[in-house]
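To start, the structure itself, in structure tokens.
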Amino acid sequence: MTVTEGDPTWAGPLAGEPLGLTVYHVTEDEIKSQVDPDLYESEVGLVEMMLEIEPIIEAVQEVRTGASAPA
């Protein structure tokens, strides 16, 4: 959320400074498809197998679409 809406803790230089950057997680298909499969497997593959990917992707998508923003 820091890169989209600004530092939510109001403790750093990005406090209240929304950058409006689009965020993705490396395990999302949009990013994964852009990386050489061998490199992806060597750098991310093991971690991806150990994580519950769907909740991570859902959380990042909520930030990206603004669904988690307060009303």
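The values are calculated or read from the model by the stated rules, or taken from the named source; none is laboratory data. What you are looking at is a predicted structure, and each value in this text was computed from that prediction instead of being measured. Glycine gets a Cβ as well: all are built from the backbone with ideal geometry, and neighbour counts include every protein chain shown.
Being touching a strand residue (DSSP E or B) at 6+ places or on another chain (Cβ under 7 Å) and at pLDDT below 85 narrows it down to one of 20, 66, 16, 6, so name that one. It is 6.
Taken across the range 51-60, residues that are out of contact with any His (no Cβ under 7 Å at 6 or more places or on another chain) and part of a loop (DSSP other than H, G, I, E, B) do occur, with at least one present. For residue 44, are the conditions met, namely being part of a helix (DSSP H, G or I), in contact with an Asp or Glu (Cβ under 8 Å, 6 or more places away or on another chain) and within 25 Å of residue 2 (Cβ to Cβ)? In short, no.
In the range 10-20, what residues are surrounded by fewer than 10 Cβ atoms within 10 Å (Cβ to Cβ) and closer than 24 Å to residue 58 by Cβ? If the condition is that a residue be surrounded by fewer than 10 Cβ atoms within 10 Å (Cβ to Cβ) and closer than 24 Å to residue 58 by Cβ, then 20 is the only one that fits.
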